Each structure stands twice: as structure tokens, then as C-alpha cells.
Amino acid sequence: AASAADPAGGGGAGMDGDRQESPVAIKGIERELICPACKELFTHPLILPCQHNVCHKCVKEILFAFEDSFADGGSESSNQSSPRIKISSSSLDRIDRISRSGIKRNSLTLRSSLFPCPGCQRDIDLGERGINGLFRNFTLETIVERYRQAARAAIAIMCDFCKPPPQESTKSCMDCSASYCNECFKIHHPWGTVKAQHEYVGPTTNFRPKILMCPEHEMERVNMYCEICRRPVCHLCKLGGCHANHRVTTMSTAYKTLKEKLSKDIEYLISKESQVKAHITQLDLLLKETECNSERAKEEASHSFEKLYHVLEEKKAAALRAIETSKNIRLEKLQTQAEEYQGLLENNGLVGYAQEVLKETDPSCFVQTAKQLHVRIQKATESLKSFRPAAESTFGDFVVDIAKQEEILSDLSFHSSGLDIPEINEEQSRMYNKALISWECPGKTDSADIYVLEYRKLNREEESATWQEVKVCSKSKVISDLDDDSSYAFRVRGYKGSICSCWSREVILRTPPAPVFSFLFDDKCGYNSERLLLNPGRTSVESRAGFPLLLGSERIQVGCYTTLDYIIGDTGIDKGKHFWAFHVEAYSYLVKVGVVSSNKIQKLFHNTHDVTSPRYEQDSGHDSGSEDAFFDSLQPFTLVTLGMKNFFIPTTPAAPKDPASRILPLPSRLGICLDCDKGKVGFYDAGCMKCLYECEVDCSGIMYPAFALMGGAAVHLEEAVTAKYGEYHDDI
């Protein structure tokens, strides 16, 4: 299919160069003229941005099938709209990712932008104009028409205007896009009229315009060639369109340059004909060797499985023998016990024998016999009081545990030492509202065609949870629908055809303790625009240690007391358990993070003397940790102090008394978990979801995320994981 892109290079150049249909070498080029979608000769081929060609009808059918697949969530049953077209499994995998992520696309957006190319198996962006923005490959269309004529040399092209039965056409009008016999041509092109000046050629079904018009600007002809996008453009595209900053050249220059390059490449290939033939001979030998080696590999694989069958048959026979032996022993014991109890019935067995002994009248004879009989009667009486079967009827000890063996057998595959084992990148992987798992291969050779990512939940109740499998065409995957406050194990392996690598090292990641809460920084309530700077998306806030801070410090002669600048989230919480995460820049001097109640927000923004420097003050005689504890006890909200790459645990009765023990390294990502129902707030290392500090909080009002900055500092809210993360490396 890739070779079908070659004719696209001449689609826009030399519109008049192929007017004379000179003979060409048609034989042997059939596969260059086959559409990769319908596997038939091209009909009105369009040039895609990836330089592959697809029939105009196929493009529309693929888009409709792609749209149906989106509507049905990427199910295979929805991919039956056209019997000629099949969407690739990689495209279906991307449909499934997008549909599960909750992204809604209407039919117009889908039909005009996303297109799965059947030639390179990639999703191509067609732009805002969709199909209307694609060029028609007239050069390829002309070559296909020549091939059709060569293949049907005896089949004539009939006149389009004759009354039935139509006559054989003698010429075709390129302006009318129709074929005529001599009589009809004279009728429809009378002398002395404008139509008499129309251009006509021999009978053909390939009608092409004299001038190639721009798909973006339909009234403009293309007169330039964009060297960046490798497509013809008009002057409006260059002036104010998407090619404004691209390097362009004149159409004649591009025509000459491309034709020279193509001619040189063709001449080079022709000059290497002997080398090509040698390679063909070598390939023929490789074909035969492949056939022989495949049969040998089949025999070896069959032999390996037969050995497994033999081992299993032996184990099966041994297990069945053990069960049969145990059954016979148990039956014998139970049968004996049943016979003994049968003898306890009247006039039967032991009881019957004892009744006969009682009939003995001679005392000496009776005593001699009755003594031994009395012992047996006593034993029977005791066994009757404490009845217990002589053998168990269940065979619980003979259950074969094949869980581990089944997992090993399911992992049975062709392993290759040449295929690199992928490694999960724990720094790029993260858990938030969804799990983003990224991996990489140590080497660059023999990279895998597809990867299989497996994951399972780890907990005490489900220690033997089965692995869930996901096939991925990229080197990252977004996993949804994971349970909160749970640990998951992940592993990945690569496949290249039927060959697979070994599993990567298992990586264990933990989900947040509660559902992720989404919000932005509030740019209205108490926001100080003079000292705080928000980015346009309101996901980052920065405090600059500039001139206003110097003015605030200038009035203070002792210490370094200044005012904190506060900012809150634009969304509040009134019930439930929620989690959010953020990143504090390493250069930040002082940052406070936590929550504030709606009925205390006014106090928050009217507090003038909030905190001191966290740096050790020699004049004060104590460190800033105790100062923070003093001020925290007076604050109408719950905050913890961060700064200078440290996390400061507030002073509480349960906190360590040693100040050094209350100072922890600042995590790269910090998380806050607010439980309104229990009235607790916890501060987490969002990388490993480890709780660093937890305290009680008054949740009587609506709770808002709160932040305070002083000096040079910056806070960035954690970006939610979406399906687009799985699209970063979809060019494998």
C-alpha cells in the first residue's frame, strides 16, 4: 500500500503534460494502481496528507464506518456498514480509548477531521474542510485509465448521446466530459459556436480539468508548491492561509525539480537492473528456505507440545490411580463397618448370636462363652453411642491445584532474546483520575509492533486476582475505572509478529484515596493581581518577589514580617470525600496549602500579619517551626507550610517534639484529601499516595482549596489524565 503513494507526486504538476496519451509500459504495474481500501483499481483517487491515495468513494465509506464505530463505542459489530472497507484494529483501539474517555464528537467534526488511512494505518487529520480539502490525483487517474484501456483493448467506449442502440464513440470532449460518435459530435458542437472550440481527444473515460483549482479557495488556481506540506497551493494560501509561513516555490520550478529527481531515480534503478535481478533470485531462495524452515519449526513446536501432553497424561493417570486406590480402601472400610452394624439388629449377626447364647442352661458353659461375648457387646454399645464413619466420602485432598500451571501455560509463547524487554517508566507514569502507564525499550533495534499491558488489583481479599490485558499500539496507555485507595500491579511485554519479549518488571502504583476533585484558581474572590500572576487557564499561580514586597518589608526594622497572598479554588465541597494534587516549584520560598470554610473566607483575606519567614531567625532565639505553630493556632483555616524544598509538619501533641523530625523533603507532587463526612483533611505524597500528615477540620460550611504564597513561589494544579496521553506515540 505504501508504494501507491508514489504517483501522488505528480498529481498537481503538468496538467497539460499527459494530454497526449502516449503508450506506457502498463504490464507489471497493477499493484501500484490498486486502492489499499477496496483492493480494486483506483476510481477518482484522492491524495491524503500522508501522500497515500484512496478512492473518493472509499474515503466517504471509511469516514461513515469510522463515525458508526464512534457512535457504538468502537465495537466490531458497528464496523459492518460497508462490505468493502475494514477499519484497522489499531484505529478501533483508539476509538475505544476516545469513547471511554467521555469525549463527544458530532458527525460533522468526525467526518471533517479524523481519517484512518488504510495505507499506513495512521489516523490522519484532514483539517476543517475534510474531503473537500483533498486534491484529486489526475495523473494517477490517467495512468489507471491507460491500464484499463490496455486490459480491455477490444471493448469500445460507446457514445453518451446516441439513441438506443448507442454507437461506438470516435472522440471525447474534455470540456463537456462526454464521449461522442461523429454524428452526435457535430450536433452538439456546431460550427461557428463556442462549443466548436472545445478540446477533444480520442475516446476515453478519464476527464480532467484544464486548470487545477485550490481546494481551500475554490475560485483560485494553484500556482505554487509548498515544500513543507508537499502539495500545490494558491496565492491566498500563501498570503493568509495555513501556508503563510511555509517555504514555497513556483509550480514550474517544482515541476522541473520533481521531474528531474524522479527521472534520475528511475534511471538509477534501471541501471541497477542486474543487482535487482540478483536480489530477486536471493528472495526466491529465501522464500523456499522460509517454507522449509517453517515446516521444521512446526515439527519442533508439535514435538514440544507432545512432550507436554505426555507429561500431562502421566500426571493424569497417576492422579486417577491415586483416587481409585483411595476409593477402594474407603469402600472396604465402610462396607466392613456397615456389616458390623448390620449384626446389631435383632436375630441377626452379633445380637442373634448373643440371643442364642442366652439359651444356654449349663452355667459353666455359659460363663465360658459369655465372657468374650460380653466384651464384644460392650464395644458395639460404645460405637453405637459415638457413631463415626470409618472413612470420609469426600475427596477434597485430591483436588489438583493448576492455577500456577495455568498461568504459566497461558504465558506460553515464542520468546526471542533479540526483542528488547520494555521497562515501565515510573517517573512518567502516574495515578490520578485515571492511570497513565508509560514504558520504553532500552534498545532501538527489533522494536515491537504491538505491546500488551496487563494489570491487576492487589489486596488481601483478592491476592490471586486475574490479570486484565490491554493491547496497545503506542508506548503509553490510559487505564480507566480503577478503584480508589487501591494498589495495582502493572507489567508490559512487546510483540513482533508471533514473537514476544519477556514480561517487564512489575511496577506497583496506588490510586488516590478518594475521587479526584477538579477546580481552577479563583481570579475574583480576594485575588491580588498586583502580587499574584495567574496563567490564562487558571491552573498555575505565581508570586513574584518584586517591588511590592520590598515596599512591604521596608517599614519593618526587625525580622522579616510580611503579608501572605491568598488564593482559593473556584469550586467548593459540601459533602463526601475528595482528592486533588498540585506541584510546588522547587525555588518557592514559602507556600501554605490546605482548605478554608466559606464562613471564614473574609477572615482569610483580611488577616494582615500572617506569618514570618520560615528561615531560622537568630535574633528570635527559636526556629520558624514554632512560629508557624503559633500562627497556625490563630488561623481561621487549616494549612500546612511548604518552602525551601521542605514540608513542615505542624506542631501538635502527636507530632514529634524534635523540630528536625517535623521537616520532610518536599514531594514532587503533593495531594490533599478532604473528608467532609468525617471532618478530616490529609496531606499526601501524590507520587506514592503516602499520607504525610492528617488532622481534624471544621466542615460546617462549604470547603474550598486554599493556597498562600510569599516571595518567589509558584503552584501548578495537577492536570487530569485524559485519553490524549495514549496518543503521544501512536506512530509506531
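Rounded to the nearest Hz, the phi-derived 3J(HN,Hα) couplings of region 188-198 under the Karplus curve 6.51 cos²θ - 1.76 cosθ + 1.60 (θ = phi - 60°) are 8, 10, x, 5, x, 10, 5, 5, 5, 8, 4, where x marks glycine and proline. Each principal axis of the Cα cloud of region 158-306 was taken in turn, and the coordinate range along them, longest first, works out to 85, 56, 38 Å. Between the beta carbons of ARG148 and GLU440, assuming R0 = 45 Å, the FRET efficiency works out to 0.35 to the nearest 0.05. Of all lysines in the structure, those lying under 28 Å Cα to Cα from LYS680, and not within fewer than 8 positions of it along the same chain, are LYS434, LYS457, LYS524, LYS575, LYS577, LYS592, LYS600, LYS603, LYS645, LYS657, LYS690.
Based on the Cα coordinates of region 253-385, what is the per residue volume of their convex hull in Å³?
Details: hull volume 31.2 nm³, N = 133.
Measuring per residue, one finds 235 Å³ for the Cα hull of region 253-385.
Using packing as a proxy for protection, rank 289-302, 236-249, 589-602, 490-503 so that the peptide with the highest average count of other Cβ atoms within 10 Å comes first.
Working: 289-302: 10.2, 236-249: 14.5, 589-602: 20.4, 490-503: 18.5.
The densest-packed peptide leads the list: 589-602, 490-503, 236-249, 289-302.
Given HIS310, THR361, ILE377, which one lies farthest toward the positive end of the charge dipole of region 253-385, if we put +1 on the Cβ of every Lys and Arg and -1 on the Cβ of every Asp and Glu? So the residue furthest toward the plus end is HIS310.
Structural descriptor for region 201-348: relative contact order 10 percent, calculated from alpha carbon pairs under 8 angstrom and at least 6 residues apart.
Distance between the pseudo-spin-label points of SER326 and GLN167 (7 Å out from Cα toward the beta carbon): 9.8 nm.
Per residue, how much accessible surface does region 423-510 expose to a 1.4 Å probe? Answer in Å², no decimals.
Numbers: 4540 Å² over 88 residues.
It amounts to 52 Å² per residue over region 423-510.
Taking θ as phi - 60° and the Karplus parameters 6.51, -1.76 and 1.60, the scalar couplings of region 513-518 work out to x, 7, x, 6, 9, 9 Hz in sequence order, x denoting glycine and proline. Listed by chain and number, the lysines placed with their C-alpha closer than 24 angstrom to that of LYS259 are LYS27, LYS210, LYS238, LYS272; residues fewer than eight positions away on the same chain are left out.
For ILE124, the residues whose amide H sits under 5 Å from its own are PHE115, CYS117, ignoring neighbours fewer than 5 places away on the same chain, with H placed 1.01 Å from N. Size of region 423-510 from its Cα atoms: along the principal axes, largest to smallest, the extents are 40, 25, 19 Å.
Taking 22 Å as R0, compute the FRET efficiency from the Cβ-Cβ separation of GLU506 and ASP483 and round it to 0.05. Calculated transfer efficiency: 0.75.
Solvent exposure of THR253, expressed as accessible area, is near 60 Å², computed with a probe of 1.4 Å over the protein chains only.
The values are calculated or read from the model by the stated rules, or taken from the named source; none is laboratory data. Owing to the predicted nature of the structure, the values given are computational and were not obtained by experimental measurement. Every residue, glycine as well, gets a Cβ built from its backbone with ideal geometry; the counts of neighbours run over all protein chains shown. When the accessible area is computed, the model is the full protein with side chains, heavy atoms only, and any ligands, DNA or RNA have been set aside. Shrake-Rupley method; radii C 1.70, N 1.55, O 1.52, S 1.80 Å.
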